[in-house]
Amino acid sequence: MRLPSRLAILMLALAGPLFAETGYNAWLRYERIQDSNVLELYSGLPASVVVLESSPVLKSAQSEVLRAVHGMLGRTERVETAVPEESCILLATLAEARRVLRDPSLPAELPEDGFFLKTTAVRGHDVLLVTASNDRGILYGTFALLRKINLHEPIDHLEEQQGPSAPIRWTNEWDNLNGTIERGYGGRSIFFENGEVATDLRRVGDYARLLASIGIDGCTVNNVNANPRVLSSDFLPQLARIADAMRPWGVHMSLSVDFSSPKTVGHLDTFDPLDPNVAQWWKSKADEVYRVIPDLGGFLLKADSEGRAGPSAYGRTHADAANVIARALKPHGGVLVYRGFVYNHHLDWRNLKNDRAKAAYDNFAKLDGKFDDNVLIQIKYGPIDFQVREPVSPLPGALPHTNELLELQVTQEYTGQQRHLCFLLPLWKESLDFNLHADGRDTPLKDIVAGKTFHRPLGGFVGVVNVGRDDNWMGANLAMANLYAFGRIAWNPNLSAEKIVGEWTKQTFNEGPLVTDTIDNLQLRSWRIYEDYTGPLGVGGLTNITGPHYGPGIESAERNGWGQWIRADAKGIGMDRTVATGTGYIGQYSPPVAAMYESLERCPDNLLLFMHHVPYTYVLHSGKTVIQHVYDSHYYGAAQAAEYPELWRRLRGRIDDERYEAVLKRLEYQAGHAIVWRDAVCNWFFRESNITDAMGRVGHHPNRIEAEDMQLTGYTVQDITPWEDASGGKAIACDGSSCTAEVTFKRAPGWYDVGIEYFDQNNGGSHFSVIDGDQLLDEWNADLKLPSAKLDSDTSARHTIRGVALRPGDRIRIIGVPEGGERAAIDYIEITQSKH
């Protein structure tokens with residue numbers, strides 16, 4: 001058989017759509033190295049790459065070497081199928097490497113998916129070896145080697161062994177068959193469209209490549225709120241095409257399934273897990289699925305939660321439900337992942353003993369040891385729902401005889417939905433390093449979920465990612481750091497946040513120390529800053545939980561069945577979860593942890609309101625009262641967010657224009673929305689507590705002009721619900737073809753920034769113009785695609801015109817032109833002295 005030429009293989013490696021610098025290539029840009037000193041590090045890189053065996057995964061590893069070396073070094077490697085009489089890069093399984101090299105220093109064995117990098121020799125010629133026990137390990141080792149070059153690290157004296165922390169490292173994608181994505185902020189599905197699998201799956205292959213580069217070995221491609229059709233016989237061949245696209249990158253597809261499928265798909269009269277006909281149906285269905293997709297990773301099941309069908313319909317347990325499916329999967333090597341997110345979303349909020357946080361433990365701890373050995377319980381890191389801060393769930397420490405997966409959320413459902421910069425790795429690190437003291441021992445969460453603490457056969461990490469069709473995958477370039485971080489921390493949870501973000505930034509931008517230092521700094525500070533201007537002291541639930549989970553919605557947490565209550569009233573705030581007087585949640589922890597949280601004196605301030613109900617005047621360890629901390633943290637966080645655009649502007653000309661402008665636009669929006677958060681939360685707590693801000697800030701805005709106080713033509717004043725979502729509780733909206741709001745400037749002459757707080761609904765695209773006298777200052781379209789059609793905090797946005805020369809008597813007019821259902825609504829304008 002004639003081997004393809006080097007040019008043909010290189011073209012294959014580079015095949016696919018070409019993109020401008022939109023972020024599509026993420027951290028695999030392989031930018032050309034220009035520094036001669038760095039290039040010298042790789043002057044001795046062998047000119048040939050050798051792959052001794054053939055498989056789709058090894059071909060991917062080979063093509064990646066060609067792509068990366070050509071991109072970074074401008075060289076075209078020679079492709080060989082046998083070790084030549086010259087130096088080479090050798091990609092080989094450990095058995096083949098030992099046979100060819102006869103190097104006694106090679107390890108006797110390697111863990112599954114682990115790899116070994118070594119500079120060695122054969123017949124007097126240098127060999128740069130990437131070896132592993134399986135093909136996927138070779139691929140991971142190849143990416144690790146190329147990462148070193150991308151990070152400008154030396155590779156001439158390599159001897160490094162790595163293995164994954166746990167056998168399961170999956171992503172969950174909450175994609176629906178119609179092409180939408182639940183909690184997806186990066187566009188429509190890459191997997192599905194119009195009820196079918198997408199015709200063009202090139203993006204799926206490119207996504208699998210990104211996942212493989214960070215050690216992710218599985219991907220659940222459909223929503224946990226599963227459509228039963230995924231198991232229908234006519235749909236399975238379509239799903240096989242997705243598996244085909246991922247397979248060359250060692251990523252196994254898995255499927256979310258609906259528990260009622262024996263009835264809805266199989267037309268049985270029951271889905272009782274203990275019914276023999278149901279068990280047979282699951283067995284036959286698993287056999288059918290594996291005939292079509294032989295390397296399927298398994299099934300993911302969400303049952304008895306948020307309206308999903310489950311075993312409670314027949315009085316059965318979660319173990320009954322999991323095991324009937326797991327036994328059908330086991331002959332094929334598949335696993336059943338059972339989501340531990342099970343709770344009653346119709347709780348009686350009047351009962352002070354009710355507590356959603358207790359649900360996961362109450363449902364699963366009593367079933368420890370009753371699950372089959374190919375079942376894993378997928379547990380969220382916190383007991384509620386991906387809040388900006390929660391305690392570590394007590395459940396992982398309560399299942400010594402049950403396999404576990406830790407669920408982290410990469411998509412920023414409650415943390416800014418990728419419109420806000422919020423790098424989540426510092427949050428994850430705090431959780432992973434937390435000591436649950438299970439069985440009275442030192443048991444960090446990271447060791448429990450990896451199966452090390454209780455020596456269980458399976459364990460690992462799942463990230464809810466939800467990439468979409470946007471060129472940068474997640475809707476924002478900087479948000480991709482969360483995906484990279486998830487893969488790296490799932491591979492090795494001992495890596496530091498600083499190391500991981502440094503890797504990501506350098507590979508993604510690779511533009512010198514000012515760029516990397518600035519971006520690393522922005523990322524590492526962003527979670528704490530987001531927490532400061534949103535949810536203080538562990539209270540959680542201040543986002544609009546009955547709406548899109550985005551902007552502030554303080555009272556949305558109260559007086560409903562969802563159980564994310566904050567128990568705020570005129571006297572105090574917080575959930576009493578103590579054993580002594582509260583819900584008893586704290587008693588679910590081991591004694592050392594429970595003792596810490598039960599005590600007001602020992603409970604950390606950052607979780608105080610999650611564990612205790614206290615008066616607003618309660619004094620924290622910091623010396624501040626609760627209410628003053630609320631005010632101070634929100635003003636501090638908003639001020640810090642205001643610096644983001646200024647820091648980013650220092651990078652103009654050092655980053656390609658496309659990504660520079662896209663990120664700047666996001667950071668400017670975030671700076672404005674942080675003020676929306678600040679004002680909504682502070683004003684609400686001020687009204688509720690009737691305690692003034694010691695700094696005199698809350699309710700005082702000397703540079704602000706309320707829209708309802710301007711001279712209006714066509715505009716009408718609207719009450720906003722809830723009232724805290726607009727300054728003064730009111731805004732103006734246009735129901736005609738065009739409306740005008742005008743104000744006369746009365747301050748000293750000088751240079752000013754003019755900020756217009758307006759509402760950008762998602763049911764239209766209004767146009768705004770700002771005119772000073774007869775001079776057009778600026779104009780823009782309201783097209784931010786915010787997650788609401790209402791005038792509220794979810795759609796409140798700010799447009800700032802910088803450096804405007806104003807003098808007394810200037811007439812500033814805002815002209816709004818509605819479009820569709822959007823009403824060109826305005827909240828206020830704010831005129832501040834320009835700093836530039």
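The values are calculated or read from the model by the stated rules, or taken from the named source; none is laboratory data. Just so you know, these numbers come straight off a predicted model, no measurement behind them. Reconstructed Cβ throughout: ideal geometry from the backbone, glycine too, with neighbour counts over all protein chains shown. These accessible areas exclude ligands, DNA and RNA; they are computed on the full protein's heavy atoms, side chains included. Shrake-Rupley method; radii C 1.70, N 1.55, O 1.52, S 1.80 Å.
General observations
- Each peptide in 647-653, 102-108, 25-31, 670-676 was scored by the mean count of other Cβ atoms within 10 Å over its residues; highest first, the order is 670-676, 25-31, 647-653, 102-108.
- Amide H within-cut-off set for Gln378, under 5 Å, with H built and near neighbours excluded: Tyr338, Arg339, Gly340, Leu405
- Cys with no candidate disulfide partner in the chain (beta-carbon separation under 4.7 Å rule): Cys88, Cys219, Cys422, Cys603, Cys682
- Extension gain, Glu53-Arg241: 0.36 nm per intervening residue step, less the Cα-Cα distance, totals 65.2 nm.
- Using 0.36 nm per residue and subtracting the Cα-Cα separation, the extra length available between Met695 and Asp735 on full extension is 10.4 nm.
- Per residue, the convex hull spanned by the Cα atoms of region 159-285 amounts to 141 cubic angstrom.
- Relative pair counts by distance (%), Cα atoms of region 213-285, 10 Å bins: 19, 42, 28, 11, 1
- Other residues whose C-beta falls under 14 angstrom from the C-beta of Gly315 contribute a net charge of -3, scoring Lys and Arg +1 and Asp and Glu -1.
- Estimated FRET transfer efficiency when R0 is 35 angstrom, pair Leu620-Leu777 (beta carbons, to 0.05): 0.20
- Working from Cα pairs under 8 Å separated by at least six residues, relative contact order for the chain is 9 percent.
- Ordering of 727-737, 169-179 by packing [mean C-beta count within 10 Å, highest first]: 169-179, 727-737
- Three-way shape label, region 295-448, alpha-carbon gyration tensor, a/c 1.5: rounded
- Modelled FRET efficiency - R0 30 Å, Ala642 with Ala805, Cβ distances, 0.05 increments: 0.85
- Shape category assigned to region 605-738 from the gyration tensor of Cα positions, a/c cut at 1.5: oblate
- Shape category assigned to region 351-427 from the gyration tensor of Cα positions, a/c cut at 1.5: oblate
- Placing dummy labels 7 Å off each Cα toward the beta-carbon, the span from Asp569 to Ala748 is 5.0 nm.
- Each of Glu601 and Arg687 was given a label point 7 Å from its Cα along the Cα-to-Cβ line. The distance between the two points is 4.0 nm.
- Zone of His455's modelled label, taken as backbone nitrogen in region 156-196 under 19 Å from a point 7 Å along Cα→Cβ: 166-167
- Solvent-accessible surface of region 544-609, averaged per residue with a 1.4 angstrom probe and all protein chains in place: 35 square angstrom.
- Spin-label pair Asp656/Gln711, simplified geometry with 7 Å Cα→Cβ offset, distance in nm: 5.0
- For the chain, the fraction of alpha-carbon pairs lying more than 56 Å apart is 13 percent, rounded to a whole number.
- Sulfur and carbon atoms: percent of accessible area, the chain [1.4 Å]: 50
- Between Ala108 and Ser769, the FRET efficiency from the beta-carbon distance, with R0 = 60 Å, is close to 0.25.
- Per-residue ellipticity at 222 nm, computed for the chain from helices alone with -39500 (n - 2.57) per DSSP H run of at least four residues, works out to -9000 deg cm²/dmol.
- Each Lys or Arg adds one and each Asp or Glu subtracts one; over the other residues with Cβ under 12 Å from the Cβ of Val324, this totals +1.
- Near Gln417, the amide H atoms lying under 5 Å from its own belong to Gln412; only residues 5 or more places off or on other chains count, and H is placed 1.01 Å from N.
- Evaluating 6.51 cos²θ - 1.76 cosθ + 1.60 at θ = phi - 60° for every residue in region 800-817, the Karplus couplings come out as 10, 9, 8, x, 9, 7, 10, 9, x, x, 4, 9, 9, 10, 10, 10, x, 10 Hz, glycine and proline recorded as x.
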